[in-house]
Amino acid sequence: RGILYMKREHWGSQLAFVLAAAGSAVGLGNIWKFPYLAGKNGGGAFLLLYVLCLIIVGLPLMLVEILIGRTAQKNVVSSFREIKPKSPWFLVGFIGLLAGFLILSFYSVVAGWSLEFLYQTAAGTYWFDDTISEQVRNDKVAAIFGNFISDYHRPLMWHCVFMTLCIVVVACGVKNGIEFWSKILMPMLFGLVLILIARVYFLEGSGGGYSFLFSVNWKAIWNPKVVLDAMGQAFFSLSLGMGAMITYGSYLDPERSLPRSAVFVVIADTAVALLAGLAIFPAVFAFNLEPSAGPGLVFSTLPIVFTKMAGGRIFGTLFFASLLIAALTSAISLLEVVVAYFNEEYKMGRVKTTVVLAIIIGLFGIPSALSFVAPSAACPLGMSQMKIPFPGGAKTFFDLVDHMASNLCLPLGGLLMCIFVGWSWGKDKVMKSASQGAEWFATHPLGTIWFNLVRFVAPLIVTLVFIYSFKIISFTNEGTLVFFKGWF
Ligand code: TRP
């Protein structure tokens with residue numbers, strides 16, 4: 001290929017890839033959303049369903065993405081061009097780029113919230129003196145989050161800080177940036193969460209938290225809404241559907257074993273989700289607080305817990321540090337997808353590409369940050385009153401971007417990738433490529449099961465989730481089927 005040929009960067013080891021991919025998967029979704037969903041939907045029963053979804057859709061799709069990337073050794077768009085030249089499949093790559101752009105824009109805003117709480121907890125700003133009653137103190141702590149997001153200075157400042165952190169990591173490249181930081185941050189995240197679990201275990205009255213998370217309420221899983229919640233969570237928690245794993249897979253040497261890596265990533269993601277539950281719920285129960293507060297669980301309820309717990313300031317700081325780490329390693333994977341494409345196709349250089357794209361994405365995130373601000377004379381730009389009409393119900397800018405990415409681009413991308421591998425690429429070529437570095441896979445029943453899951457089962461299930469997320473079908477809390485809820 002002459003002088004123009006530049007060697008593609010590769011991970012230093014299989015472990016490096018697994019840590020980086022696990023870093024992408026383990027994010028805000030694991031630390032607040034999973035525990036809350038599990039609690040809301042019948043604890044152990046939800047867990048069982050979730051694991052089932054991981055096995056029949058999550059793991060197969062994880063392997064699909066890594067396989068596409070490793071085979072093509074290209075960014076999301078060119079990977080499809082490489083494997084199926086002169087076909088429209090590369091458009092799937094553009095759906096991925098769009099999803100990455102949209103998700104990162106609001107993900108960074110939420111990650112900024114964790115920076116604010118890391119700062120406030122470390123500085124001890126919400127430990128009010130006990131001349132005021134306990135109830136008043138609790139209310140004051142819980143109100144910090146609402147007050148913080150309904151102003152724009154600090155959320156925007158942290159949004160900038162967080163995007164800058166992403167730039168620093170991604171601009172340094174795959175090996176010196178993403179791999180270097182994943183190898184430091186991921187073990188640290190595991191360590192921090194384990195310390196937190198150990199601490200809350202010794203709180204008086206923490207036992208309720210364990211039964212809350214693990215008791216099986218069998219009635220709850222007969223609700224189709226719960227099944228679909230589990231499916232959606234499995235899908236999004238693993239960073240599937242937009243080519244994050246295609247991009248990371250494209251930095252793998254061809255002789256690495258794929259099935260094993262995919263299994264490791266799925267196990268690591270699930271482990272952190274469970275560990276987060278084990279760190280959060282026992283503490284919430286020990287202080288008789290509300291376990292199903294959703295997004296407020298982490299930012300309103302937990303700070304109250306920290307004010308009451310011996311050593312709370314230290315453990316609270318460690319908790320928000322974990323949240324920040326989880327968010328950072330996910331955000332860099334989102335940025336890398338877009339940077340890899342523009343860097344390789346337009347050859348602007350990695351640093352310049354990273355800075356330019358991060359600034360554009362950061363600017364697009366501003367209306368998301370303003371979506372919690374009420375318009376007033378002081379904040380004329382507040383957008384909390386601005387509801388954008390959308391089938392299934394009007395949404396704020398923040399919710400709309402989240403919805404477009406998470407509920408439209410990702411399932412569509414995942415569905416098309418399954419169809420690509422299951423029906424278009426050709427079974428022989430797929431199995432040959434998948435078993436490179438893992439020869440047993442070509443003839444083993446697991447290989448056949450995987451291919452059929454990708455061909456038949458996963459597309460069907462993802463289509464169902466898709467239809468559901470657009471409220472073409474939906475279910476009431478009692479499990480009754482409803483069509484086009486809120487559409488007209
Ligand atoms: N998986 C991450 C989380 O749980 C979020 C995420 C990062 C993601 N990259 C992604 C989701 C790509 C879908 C696609 O928070």
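The table for this structure:
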| item | result |
| --- | --- |
| Candidate set: segment 29-54, residues that are at pLDDT below 85 and within 16 Å of the ligand (Cβ to nearest atom); chosen: the one surrounded by the fewest Cβ atoms within 10 Å (Cβ to Cβ) | Lys33 |
| Test: residue in segment 56-74 that is free of Cβ contacts under 8 Å to residues at least 60 places away in the same chain and β-branched (Val, Ile, Thr) | no |
| Subset of segment 129-167 (residues that are in a helix (DSSP H, G or I) and among the polar types (S, T, N, Q)) | Gln135, Asn138, Asn147, Thr164 |
| Answer from Val64, Val76, Val26, Val57 - the residue that is modelled with pLDDT under 95, surrounded by 24 or more Cβ atoms within 10 Å (Cβ to Cβ) and either under 20 Å from Leu453 (Cβ atoms) or within 12 Å of the ligand (Cβ to nearest atom) (or both) | Val57 |
| Some residue of segment 221-235 being within 30 Å of Ile419 (Cα to Cα), modelled with pLDDT of 95 or more and either within 22 Å of the chain's Cα centre (by Cα) or more than 13 Å from the ligand (Cβ to nearest atom) (or both) | no |
| Qualifying residues in segment 372-422 (those that are of a type in the set (Val, Ile, Thr) and farther than 22 Å from Phe148 by Cβ) - the one surrounded by the most Cβ atoms within 10 Å (Cβ to Cβ) | Val421 |
| Residue under evaluation Ile267, criteria (1) touching a residue at least 24 places away in the same chain (Cβ under 8 Å); (2) under 30 Å from Glu9 (Cβ atoms), criterion not met | (1) |
| Among the residues listed as Tyr126, Tyr107, the single one being touching a residue at least 60 places away in the same chain (Cβ under 8 Å) and in a loop (DSSP other than H, G, I, E, B) | Tyr126 |
| Phe306 being within 19 Å of Ile31 (Cβ to Cβ), crowded, with 18+ Cβ neighbours inside 10 Å and away from the ligand (no atom under 16 Å from the Cβ) | yes |
| Condition check for Ser105: of a type outside the set (Lys, Arg) and within 12 Å of the ligand (Cβ to nearest atom) | no |
| Set Gly447, Gly422, Gly426: member being modelled with pLDDT of 90 or more, over 30 Å from Val110 (Cβ atoms) and in contact with a Ser or Thr (Cβ under 9 Å, 6 or more places away or on another chain) | Gly447 |
| Options Leu363, Leu400, Leu370; residue that is in a helix (DSSP H, G or I), of a type outside the set (Asp, Glu), free of Cβ contacts under 8 Å to residues at least 12 places away in the same chain and away from the ligand (no atom under 16 Å from the Cβ) | Leu363 |
| Given (1) of a type outside the set (Lys, Arg); (2) away from the ligand (no atom under 16 Å from the Cβ); (3) outside any helix (DSSP H, G or I), number of the condition Leu240 does not satisfy | (2) |
| Any chance Ser182 is polar (S, T, N, Q), within 16 Å of the ligand (Cβ to nearest atom) and either more than 22 Å from the chain's Cα centre (by Cα) or at pLDDT 90 or above (or both) | yes |
| Candidate set: segment 333-348, residues that are closer than 14 Å to Glu9 by Cα and away from the ligand (no atom under 16 Å from the Cβ); chosen: the one surrounded by the most Cβ atoms within 10 Å (Cβ to Cβ) | Asn343 |
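Conditions tested, residue by residue: (1) more than 16 Å from the ligand (Cβ to nearest atom); (2) not in a helix (DSSP H, G or I).
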{"site": "Pro391", "(1), (2)": "yes, yes"}
{"site": "Ser406", "(1), (2)": "no, no"}
{"site": "Met417", "(1), (2)": "no, no"}
{"site": "Val421", "(1), (2)": "yes, no"}
{"site": "Gly437", "(1), (2)": "yes, yes"}
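The values are calculated or read from the model by the stated rules, or taken from the named source; none is laboratory data. Everything numeric in this text was worked out from a predicted model, so none of it was measured. All Cβ positions, even for glycine, are placed from backbone atoms using ideal geometry, and neighbour counts span all protein chains on display.
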